[in-house]
Amino acid sequence: MISSTGRLNIAATAQRLDVDNRIPLRYYYRIADNILKQADIFRAEKNIIDLYVMLLRFSGLVSETIPSHRDYRASLQSQKVYLKKRLLNALNELEELKPAVQQKINEINRRYTYQSNSLQQSAVKNQSLTYHSMTKAVRPAAREFNYNGPRAQQFSYSKPMEEQFRRMSLNLLRPKEETLSKHSILGPNGLYGQWQPPKTNIQVQYPSNIDLTPIEFPSLQQPIEYKLPGKNDHSNSETEASSMESTVTIDNCENSQKCHMDEPLPMISFEESETIPNITRQPSPPPVLAEVQDLVPAISPQVTEGDCRIDNPSTDGLVPSESPLQLHIATTMMESFMKLAKSNTERNLETCGVLAGSLKNRKFFVTALIIPKQESTSDSCQTTNEEEIFDVQDTKSLFPLGWIHTHPTQSCFMSSIDLHTHYSYQIMLPESVAIVMAPRDSSRKHGIFRLTTPGGMSVIRQCQKRGFHPHVQPPDGGPLYNTCTDVYMNPDLNFEVIDLR
């Protein structure tokens, strides 16, 4: 119902259902009843948009699909009269709802447009901030007040701030000169004073005898010897020693600017990082474990493929979309079904069951697992009394939500027979799923599948073959069926088992 442009499109959801004469006419009557049942729930929840969509579906089904069925003319007149009466009621309600629904749709579309524009503006702003950070624009000084208005107004804004700082500084006591001299490396006169040498009569005299033996530094592991670089020539050593046999005083340094400049500096080579022993290194901070919140909700999505994700967009929780509604299944239901099928599985016989449930707040909940009478082989399973299943669903007011069956000897996939079987379930309700349990498949024990729309549904509708057979690829080039991306395994959901065998 959300179009490619992002706008709400009701016509996309209320498309006409093509008739399939292989499906008995009574199935289409049940489809009409299920649509009206959903409409009643949406009406009670004041969900006028989904209610409007259900009424559109019902009117299209009754006025176009059902009359085109080959068995319609031979059907009972009472059924025709009943459907026409419900159709008139639906059309009248559609006319009453149309203004409110149109207003709601306009609000949603405006909201979407506003959000889309906000996202675009945010993206442009982020690009601008990135550009300014890369150009490293010079920031104003901390005490300056940056104002880009007229110059007269700029002074009027900056002067009060300077005056405020001046007043604050007047309230502080000025430190004494003695305090300044103690804490300033420039002395009491600061930058304005002239440098004077230390007043002392003690001369600094360098030693005349230089011991050029290798200097040993203590090491944590073993003593390391450091040798002077260059050639180990005795004449060079004497030259260096004689050049350092001068007594230099501070007064001589004042009279000569070449003091120490003509002397060759002692060159000691530190070759490795070990040459600086006894280094006290600050310990690195330990890695901090980031706070990890429990992101798995109470209702976690059942994802069986790496690329599967929940894709059920809605604007405010009341807006339907082209993708089906969420389907919730109890986490223990599959295990319970495998216990019921254990005897057949040990004999390599398939077992099937029917899923049924309720609708609330645009979510379907599987609340019943019905095990019907059935005939099974190693690669097929077929129910023998469908009327009993319908009676249970009607008595408990349940929606048909799909089916579950085992593959005791095969892998987890949908066979051609499975695709034709599930086609009838998905015609009844688009949200219906097919669950395959494959206990001997080491890579995948179970799968939750649904025919693709319109690709897989159109291929199966046009296929007239029976038994195991290959299918052509859908016209759009996609698969015939996919893993469901809107099914949730709900640990808080209760269900009942109804074994009709």
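The values are calculated or read from the model by the stated rules, or taken from the named source; none is laboratory data. All of these numbers come straight from a predicted model, not from anything done at the bench. Backbone-built Cβ (ideal geometry, glycine too); neighbour counts: all protein chains shown. Quick note on the areas: whole protein, heavy atoms, side chains included, nothing else; ligands and nucleic acids left out. Shrake-Rupley method; radii C 1.70, N 1.55, O 1.52, S 1.80 Å.
Overview of values
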{"quantity": "Pairwise label distance in nanometres, Asn92 with Ser378, each label 7 Å out on the Cα-Cβ vector", "calculated": "6.2"}
{"quantity": "Accessible area of region 18-77 belonging to carbon and sulfur atoms, whole % at 1.4 Å probe", "calculated": "52"}
{"quantity": "When each of Lys46/Lys445; Lys84/Lys373; Lys339/Lys396; Lys37/Lys445; Lys339/Lys360; Lys84/Lys360 is checked by Cα-Cα distance, pairs over 32 Å", "calculated": "Lys46/Lys445; Lys84/Lys373; Lys37/Lys445"}
{"quantity": "Distance in nm between pseudo-label sites at His469 and Lys342 (7 Å out along the Cβ direction from Cα)", "calculated": "4.0"}
{"quantity": "FRET E, pair Thr332, Gln77, Förster distance 51 Å, beta-carbon r, rounded to 0.05", "calculated": "0.60"}
{"quantity": "Interchain or long-range residues, amide H under 5 Å from His407's placed H", "calculated": "Met437, Ala438"}
{"quantity": "Å² of accessible area per residue within region 344-405, as computed with a 1.4 Å probe and no ligands counted", "calculated": "39"}
{"quantity": "Shape call, region 427-470: gyration tensor on alpha carbons, a/c limit 1.5", "calculated": "oblate"}
{"quantity": "Asp18 accessible area, 1.4 Å probe, all protein chains in place, Å² to nearest 10", "calculated": "70"}
{"quantity": "Whole-Hz couplings from phi, Karplus 6.51/-1.76/1.60, listed for region 30-37; x for Gly and Pro", "calculated": "5, 4, 4, 5, 5, 5, 5, 5"}
{"quantity": "Accessible-area composition of region 352-501, carbon plus sulfur, in percent [1.4 Å probe]", "calculated": "49"}
{"quantity": "Sequence-distant residues sharing a close amide H with Cys352 (under 5 Å, placed H)", "calculated": "none"}
{"quantity": "Residues with amide H under 5 Å from that of Leu369, placed H, sequence gap 5 or more", "calculated": "Glu496, Val497, Ile498"}
